[in-house]
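Have a look at the structure below before the remarks.
The values are calculated or read from the model by the stated rules, or taken from the named source; none is laboratory data. Please read all numbers here as calculations on a predicted model, not as lab measurements. A quick note on method: Cβ atoms are made from the backbone with ideal geometry, for glycine too, and the neighbour counts reach across all protein chains shown.
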Amino acid sequence: GAVIVGKTNMVEFAFSGVGANPHYGTPGNPADRGRVPGGSTSGGGVAVADQMCEIAIGTDTGGSCRIPAALCGVVGYKPTKARVPTDGAFPLSPTLDSIGPIATSVDACFRTDAILAGEAPRRLDLAPLKGLRAAIPQGLPLADLDATVAARFADALARLGKAGVTLSDEGFPQFDAMQALQSPVPIASVEAYAIHRDRIATRPQDFDPIVLARMQAGRDVTPERHRQMLVERAALVRSMDARLTGLGILVLPTTPIVAPTQAEVANADAFVARNRLLLRNTGLGNSFDLCAISLPLPREGGLPVGLMLMARAGQDQRLFAIAAAVEKLLAV
């Protein structure tokens, strides 16, 4: 069982990676209260990082558990899409929505995930790191890293290499193809607009203007085009799954930047740019239906940075075992 502490704040309709909410306020990042916490599960990330609770439950459609975990310095997990039922959760994008934990440790995420998936909790055994294959995706996932993220990521790779992990730089044309498929209108915008169409028509003034704009981007996409997008996505998911066979796991920064200050996202254009960066890497997990976890990197008093490990769909248990071993390695 568990003791429910309370509900936490979040982004309106879970549709932003920044963590801002103009209606009910934006929780301050525990590492620096003048910075955003990441979203959309903003309050969950803050509550765990502030030690108000051990575990928070959130949805993850493009990174909403992993982004606040990375920016607040805790652990966040996105399961394989089919692993945890989404019944009872208000949808954002039924194609991409998943439900996962933010927690103080990999083990806490593991135990929570088992309960959410309807499995009997069991002991989490650490996977051996020596001989593990880990691919570092080149191109877009490593573009525009800020100096702090780049330095911490390089240190993490060095630690993994010393532990015997076989690291390889790999190209993934599927990433570019998925980006092209969802440009200029992503699947999430199409599905969110369909869900909120009536509210948008009758109460547009009640929406967060930035969330409203993202939803309205999907207004002119026809049902036929939406169906075709899903067909093309499914083909890319299959292609990516085949590409990952034999590659072990993916290792990349959870976000390319540290938590922006609230002043840095006060302007709408700056907000949109930062939001796009924050969602860029984590969104790959949802687009390709991968399981993914964000681990906090050692920071020695600096701002939190997350390391993301991703694996093929259905390899959740294996990913947890690897993540627990990496967590122990990073703590040394």
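Scoring residue 56 on the criteria (1) more than 23 Å from residue 214 (Cα to Cα); (2) assigned to a loop (DSSP other than H, G, I, E, B); (3) modelled with pLDDT of 95 or more leaves a single failure, condition (2). When restricted to residues that are surrounded by 15 or more Cβ atoms within 10 Å (Cβ to Cβ) and part of a loop (DSSP other than H, G, I, E, B), the range 95-121 contains 7. Contact annotation: residue pairs with Cβ atoms under 9 Å, 6 or more positions apart or on different chains, pairing a residue in the range 295-323 that is without any contact (Cβ under 8 Å) to a residue 24 or more places away in the chain with a partner that is not in a loop (DSSP other than H, G, I, E, B), are 317/110.
Residues are listed down the side, and each one gets a yes or a no for (1) under 21 Å from residue 330 (Cα atoms); (2) of a type in the set (Asp, Glu):
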| site | (1), (2) |
| --- | --- |
| 40 | no, no |
| 54 | yes, yes |
| 80 | no, no |
| 102 | yes, no |
| 107 | yes, yes |
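Answer yes or no: is there a residue in the range 88-98 that is in contact with a strand residue (DSSP E or B) (Cβ under 7 Å, 6 or more places away or on another chain), under 18 Å from residue 319 (Cα atoms) and at pLDDT 95 or above. The answer is yes; a qualifying residue exists.
Of all residues in the range 98-116, those that are more than 16 Å from the chain's Cα centre (by Cα) and either on the phi > 0 side of the Ramachandran plot or charged (D, E, K, R) (or both) total 2. Within the range 160-177, the residues that satisfy the criterion of being over 25 Å from residue 238 (Cβ atoms) and either in contact with a strand residue (DSSP E or B) (Cβ under 8 Å, 6 or more places away or on another chain) or surrounded by 18 or more Cβ atoms within 10 Å (Cβ to Cβ) (or both) are 160, 161, 165, 166, 167.
Among the candidates 5, 48, single out the residue that is in contact (Cβ under 8 Å) with a residue 24 or more places away in the chain, β-branched (Val, Ile, Thr), under 18 Å from residue 101 (Cβ atoms) and not in a helix (DSSP H, G or I).
On the way: 48 fails: not in a helix (DSSP H, G or I).
None of the others qualify; the one that does is 5.
Hey, could you check the range 258-270 for residues that are surrounded by 19 or more Cβ atoms within 10 Å (Cβ to Cβ) and touching an Asp or Glu at 6+ places or on another chain (Cβ under 9 Å) and say which is farthest from residue 330 (Cα to Cα)? Only one residue tops the list, namely 259. Put simply, of 290, 329 the only residue that is surrounded by fewer than 18 Cβ atoms within 10 Å (Cβ to Cβ), more than 16 Å from residue 37 (Cα to Cα) and touching a Lys or Arg at 6+ places or on another chain (Cβ under 7 Å) is 329. Residues in the range 67-76 include none that are at pLDDT 95 or above, more than 13 Å from the chain's Cα centre (by Cα) and under 19 Å from residue 187 (Cα atoms). If you check 71, 129, 92, 124 for being in a loop (DSSP other than H, G, I, E, B), closer than 20 Å to residue 278 by Cα, hydrophobic (A, V, I, L, M, F, W, C) and touching a residue at least 12 places away in the same chain (Cβ under 8 Å), only one passes: 92.
When 210, 200, 195 are checked against the criterion of being without any contact (Cβ under 8 Å) to a residue 24 or more places away in the chain, among the hydrophobic types (A, V, I, L, M, F, W, C) and surrounded by 14 or more Cβ atoms within 10 Å (Cβ to Cβ), a single residue qualifies: 200.
Of all the residues in the range 168-189, those that are within 12 Å of residue 94 (Cα to Cα) and in contact (Cβ under 8 Å) with a residue 60 or more places away in the chain number 2. Give the range 79-126 a look and list any residue that's within 23 Å of residue 192 (Cβ to Cβ) and touching a Lys or Arg at 6+ places or on another chain (Cβ under 6 Å), or say none. Hits for the range 79-126 are 98, 100. Contact map, the range 222-247: residues that are touching a residue at least 12 places away in the same chain (Cβ under 8 Å) paired with residues that are assigned to a helix (DSSP H, G or I) and of a type in the set (Val, Ile, Thr), Cβ distance under 7 Å, separation 6+ or inter-chain. Pairs shown: 226/190; 229/187; 233/187.
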